[in-house]
Structure formats: structure tokens, C-alpha cells
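Written below as C-alpha cells is the structure these notes are about.
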Amino acid sequence: MTQFNIINIDETDSTNNEVKKLAAKGFPHGTVVRAERQTAGKGRSGKSWSSVDGGLFFSVLLRPPAEMAVNPGMITLSAGIAAAETARSFGVKAGVKWPNDVLAGGRKPYRKFCGILAETSAEDGVSGPVVLGIGVNVNIKKFPTDIAGIATSMYLETGGAFDSVLIMESILQAFTPLYYKALDGDSALIIARYKQLCLNIGEVVTLTNTVTGERITGLVLDVDGGGGLVMRLEYGSVYTAWSGEVTFNEKL
Ligand code: BTN
């Protein structure tokens, strides 16, 4: 099992950048950097991650053995499961929005309180280290106006304050066995747990291609064994998405 070596720092631009630097210096698998503050937190698709006081910001260095050819998608789905299950254990009605946003799913509109950014690099043609960054809105009481309508926090969902370090440790603990399943190529359990938490199944969503801006709308039928989002489109054809940004929609 992974032993995590947790490095706590006051401030950085992004804990993902910090861990990338440590990876380049040869730090081992399981190195974690947690920062009290981020000055330039990064989100998916080139967006920024609002790093407001009261948030938890940490990144984990993973060094999957080269011979195991692990599917990086399974690692990020596993991180989403670990974060959502941890939040549930602390009283938040959490679920996942495909692929790996963690939302408070108790009532609509669902609001996001945790995001995951996995960054990989290829070294000499073989897959290199994975930097898995997780941001959780733990004790945030108020958000900047631009995200106030779509963001929430564990505090706002439950009325209670939480120890961020404990939340991080719980996520790491929940993630570890799933990571080893991913390494073994045993995705069945990961997908089964993911589907129990997935807020999209049975909902109409719009999927935006974050590169081209192209959009398609459909009813989500399933998450398949490879982690793809299976949608039935307007005229009955079935489409499986492997990437993109999903938004909830009322009608087809
Ligand atoms: C997203 O949902 O867009 C992903 C957000 C990921 C944010 C975390 S905070 C810790 C780590 N450091 C970063 O710069 N980003 C990730």
C-alpha cells in the first residue's frame, strides 16, 4: 500500500506545479503537497481554480509502473469516487458529474465543491508520472460572484466546519485501493462504484467539446466499462463520449 509523504506549505501558485517540480527532482510515488493558499490554481481545460480561503488544495505524485500500462482515465475516475465517498462520510450528499467533478447532489441545481486535475507526461514514449491535483471547497462560506451560482462547499452543505487535513487523509485512504485496482487493469469495481455516484445517468445533458466548442445533447444511458459516457442522441443514435464538459439540461 502507498505510504504518503505529505509536505505542507503556506503558499504556491499551484500544488500541481509544485509536485511536477518534485517529480522532476526524482521524488517518489506518494509524495503529496498541500498548500494553505494557491495564487494561480489551475482547473481543467485551461480554466483557473478559485482558491478562496477555507479551501483544501493538494496534489499527489503517482508513478504507475511502466509495464502496467494503466488507463489514466481510471485514475481520475477513482479520485472522483474517493472524494465523493469521503464527502458523503462527512455528511455531504455528494455525487460525481462525468468525468470527475464532485457535486452536492442533494437538490438541483447541483453545485460543485470539488474538482480534480490530473496531469501526465510522456517520458521517452512511455507514460511518466501522474500529478493528481484535488481541490475541495471545505470551509468556504462565500464565493466570488462569478462562481457563486455554481459553487458550494462542505460547510455550506452541512452547516459544519471540517478539518481539511482529515478530509485530505480520508480521500487519500479511499483512493489507494482504487488506484491499485486501476493498476491491475481491474476497472469493473471502479466503474460499478462510479455508476452508483454518477449524477448524469438518466439525465439529459449537453456535452461540449472543449477544443472545438461543438455541442451535442442527449440522454445519458450509462457509463461503459472504459469510463465512456454513453448517450442516446435526439434521433436515437447512441454516442459514447471520452472527453468533454457536461452540463445538465432539462429537455432533449
Ligand atoms: C477542475 O474541476 O477544473 C479541476 C480543479 C482542480 C483544482 C486543484 S486544487 C489543487 C491542485 N492544484 C491546482 O492548481 N489544481 C488542482
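Assorted remarks:
- Residue in segment 28-49 that is out of contact with any Phe, Trp or Tyr (no Cβ under 7 Å at 6 or more places or on another chain), more than 14 Å from the ligand (Cβ to nearest atom) and of a type in the set (D, E, K, R) present: no
- Residue list for segment 108-119, restricted to those being under 24 Å from residue 221 (Cβ atoms), more than 10 Å from the ligand (Cβ to nearest atom) and not aromatic (Phe, Trp, Tyr): 108, 109
- Here 171, 150 are screened, and the one residue that is open to solvent by 20 Å² or more (accessible area, probe 1.4 Å), of a type in the set (Val, Ile, Thr) and at pLDDT 95 or above is 150.
- Condition check for residue 65: of a type outside the set (S, T, N, Q), more than 15 Å from the ligand (Cβ to nearest atom) and in contact with a Lys or Arg (Cβ under 8 Å, 6 or more places away or on another chain): no
- Members of segment 65-85 found to be part of a helix (DSSP H, G or I) and of a type in the set (Gly, Ala, Ser), listed by number: 66, 73, 78, 79, 80, 82, 83, 84
- Tabulated pairs, segment 181-198, first open to solvent by 20 Å² or more (accessible area, probe 1.4 Å), second assigned to a helix (DSSP H, G or I) and charged (D, E, K, R), C-beta under 9 angstrom, 6+ apart or interchain: 187/181; 188/181; 189/181; 193/85
The values are calculated or read from the model by the stated rules, or taken from the named source; none is laboratory data. Since the structure is predicted, the reported quantities are computational estimates derived from the model, not experimental observations. Positions of Cβ are generated from backbone atoms using ideal geometry, with glycine treated the same way; all protein chains shown enter the neighbour counts. For the accessible areas, the whole protein counts, side chains as well, though only heavy atoms, and no ligand, DNA or RNA atoms are used. Shrake-Rupley method; radii C 1.70, N 1.55, O 1.52, S 1.80 Å.
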